[in-house]
Amino acid sequence: MTLKEGSNQIYEIKKVFNNNVVLAIKKNNYNQTNEVILLGKGLGFAKNQGDILSSDKCNIEKEFIPVNEEKKEQYQQLVENVNEEIIGLTTEIIAMVSNELNEELDKHIHIALADHIAFALKRIKEGMDIVNPFLPETKTLYYKEYNLAKRAAKMIEERSGVPIPESEVGFITFHIHGARSNRGRSRAVKYTSLIKKMINVIEKELDIELTSESLNYARLVTHLRFALERIEENKTNQNPLLEKIKNDLNFSYQVADKLSLMIYEELELKVPEDEKGYLAMHLERLKKNLI
């Protein structure tokens, strides 16, 4: 949240993460206190635990409640075990993403992203390869989040001096997308993994090879993504050409049927016949475009 103009709020610093981010106790008129993260340029400079901040005298740009009550213990463990600079940097990344998207992100990202960045930096410093088999699909499926993840990676590089590989940008993308969606990061990972498997089947069945930079690839990935969302949300539209598709595009429909079985096995979602028809139409167009 952004502080309202004209209001004065008193905070007591609990921990300084970096020059721009502090963990503070927010006090109100009823002697109740809340733990919040404050973000502002120079806010933590030369400050210590116990120092008092007043919103009318400090440059407080953002105030976050870092976690819900049930996650409070996890966040305390994070503060104790993860480098404070990483937690501060993560807060700045979250603020940047939130500002660019013009929306608040799910609170869970404060724990998940900080923990992920800390572990990723450790692996990179130890010379471990970070492999991301879903990178091409991620770039296509979550284009906006991917570009924000690239900015986040640059911020991490500048602060840590550690080069961040593109594979890691893909993983940060999942965290950003997951924080935008009520269904979270696991849904994005599940969709991306399934789409990759489906594309492998499509290439084999149609005897084609798709490059991740091609327009045909981008169109296919986008179609599959929205098809999965429609199926999961039970929003498939009636397909008036279904019987004609089954007869005239029999091979493409058989491939669509095979893909539908994969969706059922992976997500336990039955694919409506109308949706199979739309998928068969897309496969037929794809096949003709590549002849």
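The values are calculated or read from the model by the stated rules, or taken from the named source; none is laboratory data. None of these values were measured; they are calculated from a predicted model. Because the Cβ atoms are built from the backbone with ideal geometry, glycine has one as well, and the counts that use them run over all protein chains shown. For accessibility, only protein heavy atoms count, side chains too; no ligands or nucleic acids. Shrake-Rupley method; radii C 1.70, N 1.55, O 1.52, S 1.80 Å.
Considering the chain as a Gaussian network with a 10 Å cut-off on Cα pairs, which listed residue, D257, D56, D106, attains the greatest mean-square fluctuation?
In this elastic network of the chain, the residue with the biggest mean-square fluctuation among D257, D56, D106 is D56.
How big is the dipole moment of the chain about its Cα centre under a simple scheme where the beta carbon of each Lys and Arg is +1, that of each Asp and Glu is -1, and everything else is neutral? Debye, nearest 20, please.
Roughly 260 debye, rounded to the nearest 20.
Exposed loop GluC sites (Glu not before Pro) only (DSSP loop, at most 12 other Cβ atoms within 10 Å): please give the longest stretch of the chain free of them, not including the sites.
Here the longest segment lacking exposed loop sites spans 6-102.
Taking DSSP loops as anything outside H, G, I, E and B, show the longest stretch in the chain free of trypsin sites (Lys or Arg not before Pro) there with at most 14 other beta carbons within 10 Å.
58-182
Which of the chymotrypsin sites (Phe, Trp or Tyr not before Pro) found in the range 24-116 are loop residues per DSSP with 13 or fewer other Cβ atoms within 10 Å of their Cβ?
Taking the range 24-116 and a limit of 13 other Cβ atoms within 10 Å, the loop chymotrypsin sites (Phe, Trp or Tyr not before Pro) found are Y30, F45.
Under a Cβ-only charge scheme (Lys and Arg +1, Asp and Glu -1), can you give me the dipole magnitude of the range 144-291 about the Cα centre, in debye to the nearest 20?
Charge dipole of the range 144-291: 460 debye, to the nearest 20.
Run down the lysines and flag those whose C-alpha is under 26 Å from the C-alpha of K287, throwing out any fewer than 8 positions away in its chain.
K139, K196, K197, K204, K244, K246, K258, K270, K276
At a 1.4 Å probe radius, carbon and sulfur cover how many percent of the accessible area of the chain?
46 percent
For the chain, what is the accessible area per residue in Å² when the probe is 1.4 Å?
Dividing the accessible area of the chain by its residue count gives 54 Å².
Charges only on Cβ, +1 for Lys and Arg, -1 for Asp and Glu: so what's the dipole of the range 104-157 about the Cα centre, in debye to the nearest 20?
Magnitude of the dipole: close to 180 debye.
Of G170, L269, H223, which is farthest on the positive side of the dipole of the range 156-283, counting Cα position, with +1 on Lys and Arg Cβ, -1 on Asp and Glu Cβ, and the Cα centre as origin?
L269
State the label only: which of (1) 31; (2) 46; (3) 36 corresponds to percent of Cα pairs over 29 Å apart computed from the shown model?
Only one listed value fits the structure, namely (2).
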